[in-house]
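J.: Sharing a structure with you now.
Where a number appears in this text, it was derived from the coordinates with a stated rule and is not lab data. The model shown is predicted, which means the values in this text are computed figures rather than measured ones. Counting neighbours? That spans all protein chains shown, and the Cβs are built from the backbone with ideal geometry, glycine included.
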Amino acid sequence: MARVNDVIDLRQIRSDYPTVAASLARRGIALDGLERVRELDEAHRAVETERNGIRSEIKELSRTVGGLRRDGRMDEAETVAARSRQLGDAERALDASEDELKAAIRELLLVVPNLPADDAPDGASEADNVVLRHEGWDPDSYVDHQRVPHWDVGEALGILDVERAVKMSGSMFTMFRGAGATLARALCQLALDANADAFEEIRPPSMVLTDTMISTGHLPKFSDDAYHAERDDLWSIPTAEVPLTSLARDEILAEDDLPMRLMAHTACFRREAGSAGRDTRGLLRVHEFDKVEILAYCTPEQAADVHADLLARAERLLAQLGLAYRVLDLCAGDIGQSSRRTFDLEVYSPGVDQWLECSSVSWFGDYQARRAHIRYRRNEGGSPVMVHTLNGSALAVPRVWAAVVETHRQPDGTVAIPEVLHPYMRGATVIGPRR
């Protein structure tokens, strides 16, 4: 269970409230909850001080009772003991009050987002995100045969079967067939192989406990977007970030083991609540998809270099696939709940003429580590301190798959398979109609 002081640092709220408030205001959120946290924290500390005073008095009275009994002064001892029992009742009442205040503070802190980094751009929404650069994109280079939506390409070649997926599972589920399924698997294997030089491959469970979802910040705020098996109180993972972040939950790592790098290929499940009618054709927005996640624990000093490395690795795969993409620096009002700084990669999909987000590479500071209680001990000793966590999508299948079949569609309607995927396609270099 997350501890009351392991969500956002209460010491910072106590010592520098104006800075915390100003930082959260950059996200465009109301500060009522933060002010309430401060009020409850002050009440909690007052109760704690009173309770500790009573506890000390009870200990002193216990010593007095013992001395009186040794001296045979039983009546006096009983009078003092009665006073001690009265104080004990008061102590228990204060304990209960303290627990209630801690629970109330925790409930509020669980929905307070992380503080955006100072160098995250200002802005209120995705419209204010900063496009840092375009890579491999020439808007005049795309021709008519590339301007066909991937759902039409997939249907014509028999490699994407949305109709039967909907029959089996309902709307916003899709199914790859034949070379389309092979292509989806090949993309994931490419991403795993490309990062195997530095990342340990993990195959985590696809369902996790509530505390595991709380640790990354997906709960309680995003409960409506997650699939919950209430009977077992298990959640289908929306991303491998969730189990990978909890790999070292409640552990103390050694500084020499950092950065610790992990990767996982998993299915991901998202309700996409509120998305009805918005980008729901084909693979643009689906309830289930495969993704390779890369994640790291590190020291604060290592965080900037690790963040840059995660971004470079995700970019490299898009370039190797011959896809145009752009890099966005997300503004303070658009970064995720747990993030301090996020760079998005958006791949250009010529058939739908859209930029499709395919990777978010984020630095979380110690926000998730506080929720998961992941610490490390510095080589010079001292008390353990919180790690920093970072992650990103090395490759998310649906939108990259869509961009590949649209970008590499040929005049005859076939799809040329990018050379980097040839080793994974059972000898095929072109996807033609399924027989």
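J.: Of everything in segment 161-205, what is hydroxyl-bearing (Ser, Thr, Tyr) and crowded, with 16+ Cβ neighbours inside 10 Å? Give them in sequence order. Write out each step before concluding.
T.: Taking segment 161-205 as the starting set, the residues that turn out to be hydroxyl-bearing (Ser, Thr, Tyr) are 169, 171, 174, 182.
Listed by number, the residues that qualify are Thr174, Thr182.
J.: Suppose the filter is part of a helix (DSSP H, G or I), touching a helix residue (DSSP H, G or I) at 6+ places or on another chain (Cβ under 8 Å) and surrounded by fewer than 16 Cβ atoms within 10 Å (Cβ to Cβ); does Arg83 pass it?
T.: Yes: the conditions hold for Arg83.
J.: Anything in segment 410-435 that is in a loop (DSSP other than H, G, I, E, B), of a type in the set (Ser, Thr, Tyr) and under 33 Å from the mean Cα position of the chain (by Cα)? List them, or say none. It would help to see each step written out before you state the result.
T.: Of the residues in segment 410-435, the ones in a loop (DSSP other than H, G, I, E, B) are 410-414, 417-418, 425-429, 432-435.
This time we only want the ones that are of a type in the set (Ser, Thr, Tyr), so: 414, 429.
Passing the criteria: none in range.
J.: Have a look at Glu91, Glu107 and point out the one that is over 30 Å from Thr280 (Cβ atoms), within 29 Å of the chain's Cα centre (by Cα) and of a type in the set (Asp, Glu). Can you show your working first?
T.: Details: Glu91 fails: within 29 Å of the chain's Cα centre (by Cα).
Only one candidate qualifies: Glu107.
Table: residues versus (1) of a type in the set (D, E, K, R); (2) surrounded by fewer than 24 Cβ atoms within 10 Å (Cβ to Cβ); (3) free of Cβ contacts under 8 Å to residues at least 12 places away in the same chain; (4) out of contact with any Ser or Thr (no Cβ under 7 Å at 6 or more places or on another chain).
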| residue | (1), (2), (3), (4) |
| --- | --- |
| Cys358 | no, no, no, no |
| Asp366 | yes, yes, no, yes |
| His373 | no, yes, no, yes |
| Leu395 | no, no, no, yes |
| Glu406 | yes, no, no, no |
| Val415 | no, yes, no, yes |
| His422 | no, yes, yes, no |
| Arg426 | yes, yes, no, no |
| Arg434 | yes, yes, no, yes |
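J.: Sticking with this one: Restricting the first residue to segment 172-195 and requiring it to be touching a residue at least 40 places away in the same chain (Cβ under 8 Å), which pairs with a second residue that is in a helix (DSSP H, G or I) and among the charged types (D, E, K, R) meet a Cβ separation below 8 Å and a spacing of at least six or different chains?
T.: So the pair list comes out as Ala194/Arg313; Ala194/Arg316; Asn195/Arg313.
J.: Of the numbered conditions (1) in contact (Cβ under 8 Å) with a residue 60 or more places away in the chain; (2) aliphatic (A, V, I, L, M); (3) touching a strand residue (DSSP E or B) at 6+ places or on another chain (Cβ under 9 Å), Ala124 fails exactly one; give the number of that condition.
T.: So Ala124 meets the others, but not (3).
J.: Continuing with this model, one more query. What tally of residues in segment 209-228 results from selecting those that are under 16 Å from Glu288 (Cα atoms) and touching a residue at least 12 places away in the same chain (Cβ under 8 Å)? So that I can check it myself, show each step before the final result.
T.: Step one: of segment 209-228, the residues under 16 Å from Glu288 (Cα atoms) are 224-228.
Among the residues that remain, those that are also touching a residue at least 12 places away in the same chain (Cβ under 8 Å) are: 224-227.
Qualifying residue count for the region: 4.
J.: Something else now. Considering (1) free of Cβ contacts under 8 Å to residues at least 12 places away in the same chain; (2) in a strand (DSSP E or B), say which one Arg133 fails and leave the rest.
T.: Against the list (1) free of Cβ contacts under 8 Å to residues at least 12 places away in the same chain; (2) in a strand (DSSP E or B), Arg133 comes up short only on (1).
J.: Return the residues of segment 235-273 that are more than 17 Å from Thr299 (Cβ to Cβ), out of contact with any helix residue (DSSP H, G or I) (no Cβ under 8 Å at 6 or more places or on another chain) and surrounded by fewer than 17 Cβ atoms within 10 Å (Cβ to Cβ); say none if nothing qualifies.
T.: Within segment 235-273, just Ala267 meets the criteria.
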